[in-house]
Amino acid sequence: MDSPTRLLFVCLGNICRSPAGENVMNHLIGKEGLESQFVVDSAGTAGYHIGNPPDLRMGRAAKTRGIAMCGRARQVKPSDFSDFDWIFAMDRSNYDDLVAVRKKCDAPTAKLVLFCDFCEAHSESEVPDPYYGGPEGFDKVLDLLEDGCGVFLRKWKSGELD
Ligand code: 4NP
């Protein structure tokens with residue numbers, strides 16, 4: 001059997017968008033019975049929230065869609081670029097910070113992309129930071145994540161990403 005595809009979601013704090021990405025993706029992978037084919041993780045470019053669980057507001061929004069949020073925040077590190085196959089940046093600032101981290105990795109192999117490149121039902125190019133806004137921002141994050149994660153899985157299953 002092929003080795004699992006390794007996916008890393010990255011935002012700024014690793015308490016809102018990227019843990020939601022990790023948990024939405026794992027939820028969809030579970031529905032398809034593909035658990036043995038994937039390893040999914042998330043990380044933040046900043047270290048403010050290391051060790052913290054996901055933001056309660058993100059957890060509440062995800063729960064209404066039947067998705068439980070788990071995980072603890074960690075900071076992205078250079079070796080993530082050799083340990084993962086795909087790294088999904090939530091926004092352009094995350095992407096630029098990740099390019100700087102990639103320079104410190106000896107043998108980077110991960111494909112670094114803006115997550116919204118996989119969205120088909122939304123025209124946004126970034127997953128907006130919901131941290132300082134109201135509950136609608138957390139729902140928007142989940143809308144974008146469900147869209148892009150679903151498209152990624154469909155493309156993965158069809159072999160388009162090989
Ligand atoms: P995230 O959201 O990057 O989606 O986890 C944020 C979390 C914390 C902060 C900013 C954004 N903060 O400034 O502490």
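Bear in mind that the values in this text are calculations on the coordinates, not laboratory data. Predicted model only: the values in this text are computed from it and were never measured. Cβ: placed from backbone, ideal geometry, glycine included. Neighbour counts: every protein chain shown.
P(r) tail for the chain: Cα pairs beyond 27 Å make up 16% of the total. Computed about its Cα centre, the charge dipole of the range 80-162 is approximately 300 debye, with only Lys, Arg, Asp and Glu carrying charge at their Cβ.
Once the chain from S93 to E32 is taken as fully extended at 0.36 nm per residue, the excess over their C-alpha distance is 18.7 nm.
Excluding same-chain neighbours fewer than eight residues apart, the aspartates and glutamates reachable from K77 by a Cα-Cα span under 19 Å are E22, D41, D85, D91, D96, D97, D106. Panel note: the C-alpha atoms of the range 88-138, placed on their principal axes, show extents of 41, 26, 12 Å (largest first). Annotation: extensible slack from S125 through Y48 equals 25.2 nm (criterion: 0.36 nm per residue apart, minus Cα-Cα distance).
Please report, in debye to the nearest 20, how large the charge dipole of the chain is about its Cα centre when each Lys and Arg carries +1 at its beta carbon and each Asp and Glu carries -1 there.
Taking the Cα centre of the chain as origin, the dipole is about 420 debye.
Hey, which of these cross-link pairs are over 28 Å Cα-Cα: K31/K111; K31/K104; K63/K104? Numbers along the way, then the final one.
Working: K31/K111 25 Å; K31/K104 37 Å; K63/K104 37 Å.
Checking Cα-Cα distances, K31/K104; K63/K104 exceed 28 Å.
Rounded to a whole number of µm²/s, how large is the Stokes-Einstein D of the range 78-162 at 10 °C and 1.306 mPa s, given Rh as the Kirkwood radius over C-alpha pairs?
Values: Rh = 13.9 Å.
Translational diffusion coefficient: 114 µm²/s.
Farthest toward the positive end of the dipole of the chain, out of M25, Y132, L114, is the Cα of Y132, where the dipole comes from beta carbon charges about the Cα centre.
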